[in-house]
Amino acid sequence: MLYSMTGFGRAEQTIGEKTFLIEIKSLNGKQFDIRLQLPPLLRPLEFDIRSALNETLERGSVECIISLKQNGAAKPVVINTELLKAYYESVVKVATELNADTEHLLASILRLPEVVANTTDSLNEEEANAFKLLLKQAIKEVDAHRLNEGSVLENDLLERIGNIEKLQVQVAELEPNRRNKIKDNLQKLLEERVGKENYDGNRLEQELIYYIERIDISEEQVRLKNHCDYFRAILKDKEKGKGKKLSFILQEFGREINTTGSKANDAEIQKCVVLMKDELEKAKEQVLNVL
């Protein structure tokens, strides 16, 4: 079970005389980073909103926009005169420079955010609880979307790991011939340079065994297979946030593949190593999106 960091959720409900619309968008990110837009009415609940988002979504770049539509009878309002004056002076100055019409300027400024506010705007306990349930509904939608995206990521990652394992099989098939070719090439080189009768065959065999042991790649291939098995085991784990752990394991993949390439001394095995690296890079790109 895998969760992506990409998701979207939306919830809308009328609570009392107020209609709330919550839209949450989540993208990949190293930590939990939230951009929150909410009306002044909900500022007392800002800490609770952030905590609810962080608790469930855990990681990623999250944008949460909450809009409010006031329904029902008109309510007493208060004008923020200081803010209105500041808006007015700034806009008049720009309008004068541009020689623009200022006839309806005041009416336009009155529609700007927080210039006019309801004096009795507040949520009672019942409305606040209803809003929190609505927020949970939106978060639940994001979580469901993340799970769907995660299943796509999981299938792709399993394909990449499977391809690496197939290439390992090819490397294992090429390994015996690699050793024989190394031995034959060294013997041929010695015969050409010093002559067959001028070197000790028994000593050559000892040196060849030592040399071939140093370039043996069996340990790297065993460790790589173990990493593949561990990677699959983590994918099956019920733990929700495991993107960082998967990323660390893929780093270990890279070490074993690179060491295999540096020891290979064989063109066909080097081709397999290049293909392994390609699959590994694709897997790393996908893991960046995993929660």
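A short reminder: the numbers here are calculations on the coordinates, not readings from a lab. Remember, predicted model here, so these are calculated numbers, not experimental data. A quick note on method: Cβ atoms are made from the backbone with ideal geometry, for glycine too, and the neighbour counts reach across all protein chains shown.
If the chain between residue 115 and residue 169 were fully stretched, how many nm would it gain, using 0.36 nm times the residue separation less the Cα-Cα distance?
12.4 nm
Pop out the ³J(HN,Hα) list for segment 141-151 in order, Karplus 6.51 cos²θ - 1.76 cosθ + 1.60 with θ = phi - 60°, rounded to Hz; leave Gly and Pro as x.
5, 4, 4, 5, 5, 4, 5, 4, 5, x, 5
Using R₀ = 30 Å, calculate the FRET efficiency as 1/(1 + (r/R₀)^6) where r is the Cβ-Cβ separation of residue 238 and residue 54; round to 0.05. Intermediate results must be reported in sequence, preceding the final value.
Working: r = 21 Å, r/R0 = 0.69.
Calculated value: 0.90.
Arranged by the count of other C-beta atoms within 10 angstrom, fewest first, what order do 101, 266 take? Present the calculation step by step, with values, prior to reporting the outcome.
Details: 101 8, 266 20.
Ranking 101, 266 by Cβ neighbours within 10 Å, fewest first, gives 101, 266.
To make sure I understand the rule: partners must be lysines, Cα under 25 Å from the Cα of residue 238, and not fewer than 8 residues away in the same chain. Which ones qualify?
25, 30, 136, 140, 225, 282, 284
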